[in-house]
Amino acid sequence: MLHRKHKQTIICMALVLCTLAVSGCDYFFGPAQEESVTEDAVLFSTFVQIQIHEWPQGTDPEKVISEAFTEMESTGSIVSVYDENSDINAVNRAAGESVAVSEETFYLLQKALEIAEMTGGAFDPTIGPVVDLWGFYTGEHRVPADDEIEEALARVDVNRIELDEDARTVRVPGDMRLDVEALAKGFAARAGAEHLVKSGITSALITSGQSSLKAVGDGPEGRAWRVGLLHPRAEQDVYAAVELRDGESLSTSGDYQRYFTEDGKRYAHILDPETGYPPRTMQSITVVTPDTVIADGLSTALFVLKPEEVLNRVEQMPDVSVAMMTAEGRVKYCSQMEGRIELVDD
């Protein structure tokens, strides 16, 4: 675990997401303590940050953050495709057989199936064979041939996952491969937030993977957290500010975080489980909802849909708010986002 700590009373994060005031980067955090505490770490190949702004008398906030990092690392690693010893890789290696997994892994897979149902299959945790073709995990990027994608898509079907709740086992057919990496950051943020709450922390913000946030309590002075959304084509600029309230999670997916270009075309790491190709309907999408895992999964799944379909689906999800920037650079958001989003002028 690598980490860096710093104390500050004004925080402006130059990440995929940033806490800020719209009128310049001068949003002042004023906790009861003289200083807030912020620490960064690299866990399960992912950048994470925890900011604590209020804590009980006698509590060591740095110790609490360190413990939260440990929880996040453990949770993120057991489901990460990057960790050879993860439960997900164990299921993949034993494809065709039932594999006993941890309670956390089983819970995450249940959430994955829930997200798949919510999005009509736009999220599919069996997309692993398609992801492998594009080389996003190895760094050996390439555009696969149509017949390769067709063959890989034949091995993608969320309905073929078998979960046995009594035995807490998972089975996928021998020709399939699980990939829930899209949920790992939110899953880890959930674990970190649970530890902060258990430790009595009343105001904190967790950043997981530079694209997922979890709020514990309100922001300093009892105000909502203000989160800036970076412009996908001008990443030093913020195109909107969104309020994040106590217990809420925020996740952003976009075509600018991990991608490669070939013949002048941009190929992002988010793949449509129906076509096997990166979608080209939008540049980024942000989801706000209480559940960190749902937020992570929905931002990935909704990214592959057309903007109007996204809005239609989200209108049926009362606890979900969405803002997006379309492929044409237009900002759209659902009715639930009204009152909590403020657009920044060009």
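The values are calculated or read from the model by the stated rules, or taken from the named source; none is laboratory data. Because the structure is a prediction, the values reported are computed rather than measured. Neighbour counts are summed over all protein chains in view; Cβ atoms, including those assigned to glycine, are modelled from backbone coordinates with ideal geometry.
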- Note on the structure: Pairs returned, first residue in region 184-208 that is surrounded by 24 or more Cβ atoms within 10 Å (Cβ to Cβ), second residue that is of a type in the set (A, V, I, L, M, F, W, C) and in a loop (DSSP other than H, G, I, E, B), beta-carbon separation under 8 angstrom, 6 or more apart or interchain, are Ala184/Phe44; Ala188/Phe44; Thr207/Met13; Thr207/Leu15
- Scan region 244-259 residue by residue and report those that are polar (S, T, N, Q) and surrounded by fewer than 17 Cβ atoms within 10 Å (Cβ to Cβ). none
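Residue-wise test of (1) in contact with an Asp or Glu (Cβ under 6 Å, 6 or more places away or on another chain); (2) over 28 Å from Val170 (Cα atoms); (3) surrounded by fewer than 24 Cβ atoms within 10 Å (Cβ to Cβ).
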{"site": "Val48", "(1), (2), (3)": "no, yes, no"}
{"site": "Ile52", "(1), (2), (3)": "no, yes, no"}
{"site": "Glu62", "(1), (2), (3)": "no, yes, yes"}
{"site": "Tyr82", "(1), (2), (3)": "no, no, yes"}
- Note on the structure: Result of the Cβ filter at 8 Å on region 99-118, keeping first residues that are among the acidic types (Asp, Glu) and partners that are outside any helix (DSSP H, G or I), at least 6 apart or interchain, is Glu103/Arg168
- Check Ala95 against each of (1) out of contact with any helix residue (DSSP H, G or I) (no Cβ under 9 Å at 6 or more places or on another chain); (2) part of a helix (DSSP H, G or I) and name the one condition it does not meet. (2)
- Message: Between Leu305, Leu343, which is surrounded by fewer than 20 Cβ atoms within 10 Å (Cβ to Cβ) and either at pLDDT below 95 or out of contact with any helix residue (DSSP H, G or I) (no Cβ under 7 Å at 6 or more places or on another chain) (or both)?
- Response: Leu343
- Item | Flag if Leu213 is at pLDDT below 95 and farther than 24 Å from Pro129 by Cα | no
- Task: Go through region 16-59 residue by residue and tally those that are part of a loop (DSSP other than H, G, I, E, B) and at pLDDT below 50.
- Result: 15
- Among the candidates Ala112, Ala122, residue that is assigned to a helix (DSSP H, G or I) and crowded, with 22+ Cβ neighbours inside 10 Å: Ala112
- Looking at Val79, Val101, Val91, which is the one that is within 23 Å of the chain's Cα centre (by Cα), at pLDDT below 95 and aliphatic (A, V, I, L, M)? Val79
- Task: Go through the residues of region 218-229 one by one and say whether even a single one is buried (at least 18 other Cβ atoms within 10 Å of the Cβ), under 13 Å from the mean Cα position of the chain (by Cα) and at pLDDT 95 or above.
- Result: no
- Note on the structure: Within region 260-270, of all residues that are in contact (Cβ under 8 Å) with a residue 60 or more places away in the chain and in a strand (DSSP E or B), the one farthest from the chain's Cα centre (by Cα) is Glu262
- Query: Is there any pair with a first residue in region 234-259 that is within 20 Å of Asp218 (Cβ to Cβ) and a second that is surrounded by fewer than 16 Cβ atoms within 10 Å (Cβ to Cβ) and polar (S, T, N, Q) whose Cβ atoms are under 9 Å apart and which are 6 or more apart or on different chains, and what are they?
  - Reply: none
- Message: Against the condition at pLDDT below 50 and buried (at least 16 other Cβ atoms within 10 Å of the Cβ), how does Met13 come out, does it pass?
- Response: yes
- Those residues of region 125-142 which are part of a loop (DSSP other than H, G, I, E, B) and buried (at least 19 other Cβ atoms within 10 Å of the Cβ) amount to Pro125, Thr126, Ile127, Phe136
- Item | Options Pro273, Pro290; residue that is in contact (Cβ under 8 Å) with a residue 12 or more places away in the chain and more than 22 Å from Gln51 (Cα to Cα) | Pro273
